[in-house]
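The values are calculated or read from the model by the stated rules, or taken from the named source; none is laboratory data. All figures in this text were calculated on a predicted structure; none of them were measured in a lab. Reconstructed Cβ throughout: ideal geometry from the backbone, glycine too, with neighbour counts over all protein chains shown. Just the protein is used for accessible areas: all its heavy atoms, side chains included, with ligands, DNA and RNA removed. Shrake-Rupley method; radii C 1.70, N 1.55, O 1.52, S 1.80 Å.
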Amino acid sequence: MTVSKPANSSVSSEHRLQIKRLLEPTLVISSSTGGDVVKGLTQMPKTLPPRYFYDDRGSELFEQICGLPEYYLTRTETAILQKCASEIAQITGACEIVELGSGSSTKTRILLDAYQQQGLPLHYLPIDVSAGILESSALSLLADYPSLQVYALAGTYELALSQIEPSELPSRMICFIGSTLGNLNSQECDLFLSQVIAALQVGEYFLLGVDLQKPKHILEAAYSDRQGVTAAFNLNMLEHLNWRFDGNFDTTQFEHWAFYNETEHQIEMHLKSKCKQSVELGSLKLNVHFEPDETIHTEISRKFNLNTIQQELKAKGLVPQKVWTDENQWFGLLLCKLQA
């Protein structure tokens with residue numbers, strides 16, 4: 001990790017924070033043209049990229065989802081991390097912590113505490129598309145960890161992973177927690193893992209959180225909560241398209257629909273049209289027609305078999321060193337080491 005100030009970066013007065021913007025803000029979401037929206041809404045069945053969940057309102061709603069009683073994922077993974085963080089630090093020793101999709105870095109504190117308690121240096125490299133989130137979370141961390149060094153990259157996973165330099169510390173650990181791997185289909189997953197491997201040296205580590213297969217009623221409740229927060233989160237994608245692309249989606253004419261596909265072992269989220277209607281996205285010069293009950297597929301969330309995912313990782317050279325789970329075996333946390 002370079003300690004010199006990179007171009008297009010901001011550095012704190014304490015010189016412990018560096019943020020490098022890999023993309024201009026207008027390009028981070030490929031929204032300058034909206035080509036991904038046009039492609040998704042003109043194919044059959046219709047789809048939209050999950051990235052459009054996350055305008056300011058969408059991010060707020062997702063934070064609410066994480067605290068819902070039905071949404072077991074966040075609290076279960078957090079509890080596992082609290083139990084195993086010290087062991088992770090013991091296994092890796094001094095290492096740079098790289099976090100993909102760092103967001104508010106809430107779970108990161110658990111790891112930093114463990115490394116700090118063992119007297120290990122704290123180097124943190126968060127990666128997120130939002131430079132604003134990176135800066136606010138990093139400043140909060142720097143206030144609480146006086147020896148912490150933060151070098152943040154604002155950009156996509158692919159771009160950031162291709163640009164991180166060798167660690168100054170003896171090792172590196174790339175963290176992909178929060179079950180986000182489940183949002184990638186099998187082909188996307190293979191590509192992503194190849195990018196992770198390319199960013200690691202032999203002997204370095206990959207910490208992965210995965211949601212595990214479990215009874216259908218538990219899974220469907222987590223994605224269709226009684227308070228309707230997940231429904232609001234899904235529908236907000238249409239409001240996001242409205243303001244970004246001068247659209248006229250009427251969200252009262254769509255409904256949230258999430259179900260567990262037992263054949264594919266994945267939750268599927270859709271927006272279902274309540275009636276026959278047409279929608280215009282003015283700045284894209286796009287008119288979209290919907291039949292009653294026609295859907296827009298907005299997200300998948302794959303659920304993994306713990307033994308299978310271990311074998312798949314091992315086959316790629318990411319050999320599991322230790323695997324932790326909760327007493328219900330609802331969630332898995334895997335620490336892998338790259339081997340030649």
Could you check Glu165 against (1) surrounded by 20 or more Cβ atoms within 10 Å (Cβ to Cβ); (2) of a type outside the set (S, T, N, Q); (3) touching a residue at least 60 places away in the same chain (Cβ under 8 Å) and say which number it fails?
(1)
Going residue by residue through segment 21-30, is there one that turns out to be of a type in the set (A, V, I, L, M, F, W, C), in contact with a Leu (Cβ under 7 Å, 6 or more places away or on another chain) and either assigned to a helix (DSSP H, G or I) or at pLDDT 95 or above (or both)?
no
Could you grab me the full set of residues in segment 31-46 that are under 24 Å from Ala131 (Cβ atoms), in a helix (DSSP H, G or I) and free of Cβ contacts under 8 Å to residues at least 24 places away in the same chain?
Gly35, Asp36
Does Val202 satisfy being farther than 28 Å from Ala94 by Cα, touching a residue at least 40 places away in the same chain (Cβ under 8 Å) and β-branched (Val, Ile, Thr)?
no
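Identify the residue in segment 47-72 that is touching a strand residue (DSSP E or B) at 6+ places or on another chain (Cβ under 6 Å) and either at pLDDT 95 or above or outside any helix (DSSP H, G or I) (or both) and, among all such residues, is farthest from Glu294 (Cα to Cα).
By that ranking, first place goes to Leu48.
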Do we find that Thr42 is open to solvent by less than 20 Å² (accessible area, probe 1.4 Å), on the phi < 0 side of the Ramachandran plot and among the polar types (S, T, N, Q) in this structure?
no
Might you let me know whether segment 62-85 holds any residue that is more than 21 Å from Asp211 (Cα to Cα) and of a type in the set (Asp, Glu)?
no
Of all residues in segment 71-88 being of a type outside the set (A, V, I, L, M) and open to solvent by less than 30 Å² (accessible area, probe 1.4 Å), which is farthest from Leu111 (Cα to Cα)?
Tyr71
Residues that are open to solvent by less than 30 Å² (accessible area, probe 1.4 Å), among the polar types (S, T, N, Q) and over 21 Å from the mean Cα position of the chain (by Cα): does segment 312-331 have at least one?
no
Pairing a residue in segment 61-76 that is more than 23 Å from His240 (Cβ to Cβ) with any residue that is in a loop (DSSP other than H, G, I, E, B) and hydrophobic (A, V, I, L, M, F, W, C), where Cβ atoms lie under 7 Å and the two sit 6 or more apart in sequence or on different chains, gives Tyr72/Trp330; Thr76/Trp330
Go through segment 184-216 and report how many residues are closer than 26 Å to Glu327 by Cβ and out of contact with any His (no Cβ under 9 Å at 6 or more places or on another chain).
11
Pairs, first under 14 Å from Thr78 (Cα atoms) in segment 170-184, second among the β-branched types (Val, Ile, Thr) and at pLDDT 95 or above, C-beta under 7 Å, six or more apart:
Cys175/Ile97; Cys175/Val98; Ser179/Val210
State which residue is farthest from the chain's Cα centre (by Cα) when the search covers only segment 106-133 and only residues that are open to solvent by less than 10 Å² (accessible area, probe 1.4 Å) and under 23 Å from Leu212 (Cα atoms).
Leu111
Looking across segment 89-101 at residues that are open to solvent by 10 Å² or more (accessible area, probe 1.4 Å) and within 18 Å of the chain's Cα centre (by Cα), the single one that is modelled with the highest pLDDT is Glu99
Determine, yes or no, whether Ser140 is surrounded by fewer than 18 Cβ atoms within 10 Å (Cβ to Cβ), among the hydroxyl-bearing types (Ser, Thr, Tyr) and either assigned to a helix (DSSP H, G or I) or under 19 Å from the mean Cα position of the chain (by Cα) (or both).
yes
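Hey, could you check segment 219-266 for residues that are polar (S, T, N, Q) and open to solvent by less than 30 Å² (accessible area, probe 1.4 Å) and say which is farthest from Thr76 (Cα to Cα)?
Here the answer is Asn242.
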Within the group Leu241, Leu235, which residue is touching a Ser or Thr at 6+ places or on another chain (Cβ under 7 Å), assigned to a helix (DSSP H, G or I) and more than 20 Å from Asp326 (Cβ to Cβ)?
Leu235
Can you name every residue in segment 299-328 that is within 14 Å of Ser179 (Cα to Cα) and not in a strand (DSSP E or B)?
Lys303, Asn305, Leu306, Ile309
